[in-house]
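J.: My questions will all concern the structure given below.
The values are calculated or read from the model by the stated rules, or taken from the named source; none is laboratory data. Since this is a predicted model, take the numbers as computed values, not measurements. Heads up, the Cβs are rebuilt from the backbone with ideal geometry, glycines too, and the neighbour counts pull from every protein chain shown.
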Amino acid sequence: MEFVNPEGLRLDGRRPLEMRQLRAQIGAVAKADGSAVFEMGNTKVIAAVYGPREVQNRSQQINDQALVRCEYSMANFSTGDRRRKPKGDRRSTEISLVIRQTMEACILTHLMPRSQIDIYVQVLQADGGTRSACINAATLALADAGIPMRDLVTSCSAGFLNSTPLLDLNYVEDSAGGPDVTVGILPKLDKVTLLQMDAKLPIDTFENVMQLAVEGCKAIANYIREVLLENTKQLEYRRGL
Amino acid sequence: MVGLSLGEKHFIQGGIDQNLRSDGRKRDTYRPISVETGVIPQANGSARIRIGATEVIASVKAELGRPNALQPDKGKVSIFVDCSPVAEPMFEGRGGEELSTELSVALQRCLLGGKSGAGAGIDLSSLIVAEGKICWDLYIDGLVISSDGNLLDALGAAIKAALSNTGIPRVQVAAGASGDEQPEVDISDEEFMQFDTSGIPVIVTLTKVGRHYIVDATSEEESQMSSAVSVSINRKGHICGLSKRGSAGLDPSVISDMISVARHISEQLINKLDSEISAAEADEDEM
Amino acid sequence: MQEEGEMVTPGEVLGKATELKAGKGAYIGSYRDTDLQYVFSSLTGLRRTVSPSPDSPDQRPTVEVTGHKAHGAVPEPGSVVIARITKVMAKTASADIMCVGPKSVRDKFTGIIRQQDVRATEIDKVDMHLSFRPGDIIRALVLSLGDARAYYLSTAKNE
């Protein structure tokens, strides 16, 4: 199948190095301590953060740092063909774990000993890159909750199809069977905290693809910073400062 | 669960007694309702409803299937509700299952009528493509995103809005198939048929707190309830379904009183919803 | 150097650790695997620089970031709390903390008053059941974070 046509355009009309449209909104769930909706093209996820609060299950309490927990769930209507999936299948358990580890790496957990932070992400629409969208939404929700973080974590994926590196794969490109590199970075500290790839890729091509994904992460980080600053400005304005 | 102090409980109950609730509403007023349709592009129809801080999404997906052998002239509709842990940490893991099932069953009872399909808000015979062979299966999914009480009414309203937003492709059945053979079908990409949603009822839940009952209770008010009665009523004023929750017993005369109040309120709610839905559809068309 | 009252997001550099101290909403870390120590922001909000008191030995100003989210009050050793007694036993009494100073708490915190912390004098002769009854509202001092279950509280101050 042809994923990049001779004019250099992808199936959805993007250029190989172009990202889908980003949209973000802070404060979607009234009851949560922090929440955000994050959209990458047709992928749409909602994240809510509860905490820091008292540990619910005493046996999980950690005496010198906060306990970070994460649950990932997909709405029945999020995928093209409707399926009723049981909760806690292997895929969602794995993604929950990935998100938890990524977020744990950036939260200053030692400042909140014996407490618990819950991150819940719900996929409303899935069109490739849900992992990345979930991490980006979780970052925004954590920042909204005012939880101290080392840096914002952002994530983006990149692939390699028709011997062209492609940024931010959608569902069709993702299921084409080519390599899919998902990267999560701490943009200001310039550190990679998440790196996953399936399928195989020559090492020098891999470096290019990964570099592309990192660039994508940085672009997302800039966008998230803008959204956060704009939100803070709005709040200040409403407070009458 | 909402943790309330004694003083807060008294305050809520006192407010209800005096017909002035803690957010300034009267006993029989709803919180502001906002409707957005077409929020899930993959679905045949979808809607998001916000009532105060409660927010739900409903989506309708249609698939071709075989009608039930006992009812060859009717399509099938099923309703599932999911409570996202995003709305309440309590719904984590399997924690939301009980409430999800309770809501799904209550919605099925209120909107789909009895087992025979009689009295359903949706005309099931309109879902038939070829009698006894092909029909549309409608899957209605509800998702609770933010919960601040009155989930049932919100889900009912969202499903009503999602169904008015639904377009089902017109299907041509190839002639010539006979006997038990499954006929060939041709699904149109351009022509869609809309549902007649005027018969779909709305759900009004009356929550009894102390001696009085209120509509559209917030979760704080719900924590103080003794019992609640959900009535689904259509535009003609007919009662389509009824369910009572809560442990306390109710006097039969109180129940009939509640039903007549619910009927009165449902008229306003239907008008309000219909205007919101058509405004939302107009917004969507402009986009 | 950035100006006062500027809005920052987590991960932004606020200045060099040799010139600044990290206050609330800021932390010190090394920059990109170098040995240089910098002060970073850990919250979204406004940065503020607080000058050191003239008599402190460390003359670096402190940089703080104030977020917009108000967190519930959390008891810490030395704070005065208002609590309600929930259970009285022979040697201890447990209480639910309701207020820390003038602020009410959002989450549930439990405290324990041990027999020796009830009053300042004759501490061996204290009868818990004569001192407290469930439902009593008390003013107490937080002694320590206590064990994993509860804060240790004291009412042993003459006022």
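J.: Working only within the stretch B:210-245, note down all residues that are more than 23 Å from B:ASN19 (Cβ to Cβ) and not in a strand (DSSP E or B).
T.: The answer is B:ASN234, B:ARG235, B:LYS236, B:GLY237, B:HIS238.
Conditions tested, residue by residue: (1) crowded, with 16+ Cβ neighbours inside 10 Å; (2) without any contact (Cβ under 8 Å) to a residue 24 or more places away in the chain; (3) more than 19 Å from B:ILE265 (Cβ to Cβ).
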| position | (1), (2), (3) |
| --- | --- |
| B:ASP189 | no, yes, yes |
| B:PHE192 | no, no, yes |
| B:PHE195 | yes, no, yes |
| B:ILE200 | yes, no, no |
| B:HIS212 | no, no, no |
| B:GLN224 | yes, no, yes |
| B:VAL229 | yes, no, no |
| B:ILE233 | yes, no, no |
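J.: Of the residues B:ALA282, B:ALA248, which single one is outside any strand (DSSP E or B) and touching a strand residue (DSSP E or B) at 6+ places or on another chain (Cβ under 8 Å)?
T.: Among B:ALA282, B:ALA248, only B:ALA248 is outside any strand (DSSP E or B) and touching a strand residue (DSSP E or B) at 6+ places or on another chain (Cβ under 8 Å).
J.: Spot the failing condition for C:ALA90; the list is (1) assigned by TED's automatic domain parsing to the domain that holds C:GLY146; (2) assigned to a strand (DSSP E or B), and only one is missed.
T.: Of (1) assigned by TED's automatic domain parsing to the domain that holds C:GLY146; (2) assigned to a strand (DSSP E or B), only one is false for C:ALA90: (2).
J.: Does the stretch A:141-157 include one or more residues that are in a loop (DSSP other than H, G, I, E, B) and more than 14 Å from chain C (Cβ to nearest Cβ)?
T.: no
J.: Something else about it: Among the residues of the stretch B:16-40, which ones are free of Cβ contacts under 8 Å to residues at least 60 places away in the same chain and not in a loop (DSSP other than H, G, I, E, B)?
T.: none
J.: Is it the case that C:VAL13 is more than 24 Å from the chain's Cα centre (by Cα), surrounded by 13 or more Cβ atoms within 10 Å (Cβ to Cβ) and not charged (D, E, K, R)?
T.: yes
J.: Continuing with the same structure: For A:VAL209, which of the numbered conditions (1) within 12 Å of chain C (Cβ to nearest Cβ); (2) touching a residue at least 24 places away in the same chain (Cβ under 8 Å) fails to hold?
T.: Every condition holds for A:VAL209 apart from (1).
J.: Answer yes if at least one residue in the stretch A:170-180 is surrounded by 23 or more Cβ atoms within 10 Å (Cβ to Cβ), more than 14 Å from every other protein chain (Cβ to nearest Cβ) and not in a helix (DSSP H, G or I), and no otherwise.
T.: Yes: the stretch A:170-180 contains one or more residues that are surrounded by 23 or more Cβ atoms within 10 Å (Cβ to Cβ), more than 14 Å from every other protein chain (Cβ to nearest Cβ) and not in a helix (DSSP H, G or I).
J.: Of the conditions (1) part of a strand (DSSP E or B); (2) at pLDDT 90 or above, C:THR110 clears all except one; give me its number.
T.: (2)
J.: Within the group B:GLY52, B:GLY75, which residue is more than 24 Å from A:ALA126 (Cα to Cα), in contact (Cβ under 8 Å) with a residue 12 or more places away in the chain and surrounded by 22 or more Cβ atoms within 10 Å (Cβ to Cβ)?
T.: Only one candidate qualifies: B:GLY75.
J.: Take A:ASP204 and tell me if it is facing another protein chain (nearest Cβ under 9 Å) and either assigned to a helix (DSSP H, G or I) or in contact with a Pro (Cβ under 9 Å, 6 or more places away or on another chain) (or both).
T.: Criteria not met by A:ASP204.
J.: Before we move on, is A:ALA48 crowded, with 19+ Cβ neighbours inside 10 Å, small (Gly, Ala, Ser) and away from chain B (no Cβ under 11 Å)?
T.: no
J.: OK, next. Among the residues of the stretch B:188-203, are any on the phi > 0 side of the Ramachandran plot, under 15 Å from the mean Cα position of the chain (by Cα) and more than 14 Å from chain A (Cβ to nearest Cβ)?
T.: For the stretch B:188-203, residues on the phi > 0 side of the Ramachandran plot, under 15 Å from the mean Cα position of the chain (by Cα) and more than 14 Å from chain A (Cβ to nearest Cβ): absent.
J.: Listed residues C:LYS91, C:LYS108, C:LYS87; which is away from chain A (no Cβ under 14 Å), free of Cβ contacts under 8 Å to residues at least 40 places away in the same chain, of a type outside the set (Val, Ile, Thr) and more than 27 Å from A:CYS106 (Cβ to Cβ)?
T.: The conditions single out C:LYS91.
J.: Restricting attention to the stretch C:118-150, which residues are modelled with pLDDT under 90, surrounded by 14 or more Cβ atoms within 10 Å (Cβ to Cβ) and under 27 Å from A:VAL55 (Cβ atoms)?
T.: Correct list: C:LEU145, C:GLY146, C:ALA150.
J.: Further question on the same structure: For the stretch C:8-25, what are the residues that are of a type in the set (A, V, I, L, M) and over 18 Å from A:PRO187 (Cβ atoms)?
T.: C:ALA17, C:LEU20, C:ALA22
J.: Take the stretch B:25-40 and flag every residue that is within 10 Å of chain A (Cβ to nearest Cβ) and surrounded by fewer than 24 Cβ atoms within 10 Å (Cβ to Cβ).
T.: The one that is within 10 Å of chain A (Cβ to nearest Cβ) and surrounded by fewer than 24 Cβ atoms within 10 Å (Cβ to Cβ): B:VAL39.
J.: Can you confirm whether the stretch C:67-80 contains a residue that is at pLDDT 90 or above, surrounded by fewer than 16 Cβ atoms within 10 Å (Cβ to Cβ) and not in a loop (DSSP other than H, G, I, E, B)?
T.: yes
J.: Got a number for residues in the stretch B:182-203 being closer than 30 Å to B:ILE259 by Cβ and of a type in the set (Asp, Glu)?
T.: Number of matching residues: 1.
J.: Also: Taking the conditions exactly as written (modelled with pLDDT of 90 or more and touching an Asp or Glu at 6+ places or on another chain (Cβ under 8 Å)), does C:THR86 satisfy them or not?
T.: Here the answer is yes, as C:THR86 does meet what is asked.
J.: Quick test of your reading of the structure: C:GLY111 fulfils all but one of (1) over 13 Å from C:PRO75 (Cα atoms); (2) surrounded by 17 or more Cβ atoms within 10 Å (Cβ to Cβ); (3) under 17 Å from the mean Cα position of the chain (by Cα). Name the failing condition by number.
T.: (1)
J.: From the list A:GLN234, A:GLN196, exactly one residue is of a type in the set (S, T, N, Q), in a helix (DSSP H, G or I) and either within 14 Å of chain C (Cβ to nearest Cβ) or surrounded by 13 or more Cβ atoms within 10 Å (Cβ to Cβ) (or both). Which is it?
T.: A:GLN234
J.: Also, I was wondering about something else. Which fully enclosed strands (runs of 3 or more DSSP E) of the stretch B:41-141 have 3 or more residues being at pLDDT 85 or above and within 14 Å of chain A (Cβ to nearest Cβ)?
T.: B:45-51, B:54-65, B:76-83
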